[in-house]
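Input: a single structure, listed below in structure tokens.
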Amino acid sequence: MTANLNIVPFVSVDHMMKLVLAIGVDQFLVDLADYIEEDFRRWELFDKTPRIASHSMDGVIELMPTSDGQLYGFKYVNGHPKNTREGLQTVTAFGVLADVGSGYPMLLSEMTILTALRTAATSAVAAKYLAPKDARCMAIIGNGAQSEFQAIAFKALLGVDRLRLYDIDAEASHRCAKNLAGFGFDIKICASAQEAVEGAEIITTVTADKRSATILTDNMVGWGVHINAVGGDCPGKTELHRDILLRSSIFVEYPPQTRIEGESQQLDADHPIIELWQVMTGKTAGRTNTRQITLFDSVGFAIEDFSALRYVRDQLQRTGLYGELDLLADPDEPRDLFGMLLRAEKAAVA
């Protein structure tokens with residue numbers, strides 16, 4: 001990569017797609033999961049704050065910052081469920097990785113595709129510790145933009161190869177099944193959420209509607225399953241009936257954020273929840289018996305984006321899949337920024 005500090009590597013959407021395809025979607029998710037797990041294991045080193053959110057009737061725009069003391073990262077991300085009706089993405093994102101010592105950015109990257117990948121990788125990492133041993137069958141309720149990534153991550157990391165799909169829009173389920181046709185899954189498209197969860201050892205809920213909904217009712221959830229609740233991610237938006245939470249062992253990324261945005265917002269403020277990093281480091285147990293219902297109340301956290309940006313940056317040297325942005329002013333004398341402007345004027349005249 002360039003040694004010129006005013007030139008910042010930029011990973012465009014085209015670069016990201018080429019990078020993922022060059023590495024392979026499966027391998028990319030496996031490698032990314034390793035980075036995420038590595039950072040979860042050093043969780044206590046990071047700055048942590050709930051994401052900074054600007055809510056409207058249409059959706060939400062958020063900033064998600066963190067630092068490990070050496071690197072600083074943030075992501076800009078939106079969530080606008082109505083966008084699909086207008087031919088737009090529900091979620092778009094970009095991110096920056098910077099050097100803490102100088103404050104200079106080291107990477108600017110698209111994160112719409114990368115967020116989908118890191119969300120799926122995080123789900124699969126959590127399931128390594130929480131899902132029933134040798135689980136093979138997963139229900140995916142909500143078959144939008146995230147569903148294929150979840151399926152491939154769970155296959156790559158856990159060996160899940162049987163899928164039961166349900167969406168209120170049957171076309172979405174058929175599209176998902178078609179997209180996954182070459183990935184070695186046995187896929188059944190179901191007529192209801194109830195049908196989808198029957199026989200599933202893992203249940204992934206990943207709906208986008210910005211409201212409180214009941215995607216799963218208590219009677220639909222049998223003992224011993226793992227629930228990967230991906231879709232509930234803002235105040236007032238939930239997917240699971242409260243009674244399911246009361247029967248479950250609940251695992252989260254960062255409690256101050258999850259209690260505001262996740263399924264856990266339905267519970268009393270002192271209801272016990274377990275931080276996922278503590279399970280990964282052996283400070284507490286994950287799944288302890290075959291009848292236990294485990295729930296990963298996933299809302300996404302900045303450290304996961306930090307891991308994703310760190311992973312992408314580490315791939316650039318060998319792949320060359322990035323552009324160069326003349327992003328930072330670089331005067332000959334650091335204090336003479338105005339002189340740089342004048343010299344540019346003279347050069348333009350000449």
Could you go through the stretch 285-299 and let me know if any residue there is in a helix (DSSP H, G or I), more than 18 Å from VAL206 (Cβ to Cβ) and either without any contact (Cβ under 8 Å) to a residue 60 or more places away in the chain or not small (Gly, Ala, Ser) (or both). no
Six or more apart or on different chains, Cβ atoms under 8 Å: show the pairs whose first residue is in the stretch 46-60 and under 18 Å from GLY73 (Cβ atoms) and in the same structural domain as ASN83 (by TED's automatic domain parsing) and whose second is at pLDDT 90 or above and among the polar types (S, T, N, Q). PHE46/THR66; PHE46/SER67; ASP47/THR66; ASP47/SER67; LYS48/THR66; THR49/THR66; PRO50/GLN257; ARG51/GLN257
Against the definition (in a loop (DSSP other than H, G, I, E, B) and either in contact with a Cys (Cβ under 9 Å, 6 or more places away or on another chain) or not aromatic (Phe, Trp, Tyr) (or both)), how does ALA208 come out, yes or no? yes
Among (1) outside any helix (DSSP H, G or I); (2) of a type outside the set (S, T, N, Q); (3) modelled with pLDDT under 95, which single condition is GLU345 missing? (1)
The stretch 316-334 residues that are assigned to a loop (DSSP other than H, G, I, E, B), paired with ones that are among the β-branched types (Val, Ile, Thr) (beta carbon under 6 Å, 6 or more apart): TYR322/VAL11; LEU327/VAL8
For THR319, state whether it is buried (at least 19 other Cβ atoms within 10 Å of the Cβ) and among the polar types (S, T, N, Q). no
When you look at LEU309, is it crowded, with 23+ Cβ neighbours inside 10 Å and assigned by TED's automatic domain parsing to the domain that holds MET16, yes or no? yes
The correct count of residues that are farther than 23 Å from GLN89 by Cβ and among the β-branched types (Val, Ile, Thr) in the stretch 189-240 is 9
Restricting the search to the stretch 8-63, which residues are under 21 Å from ILE260 (Cα atoms), surrounded by 13 or more Cβ atoms within 10 Å (Cβ to Cβ) and in contact with an Asp or Glu (Cβ under 7 Å, 6 or more places away or on another chain)? PHE46, ARG51, ALA53
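The values are calculated or read from the model by the stated rules, or taken from the named source; none is laboratory data. The shown structure was predicted, so the numbers you read here are calculated from the model rather than taken from an experiment. All Cβ positions, glycine included, derive from the backbone under ideal geometry; neighbour counts span all protein chains shown.
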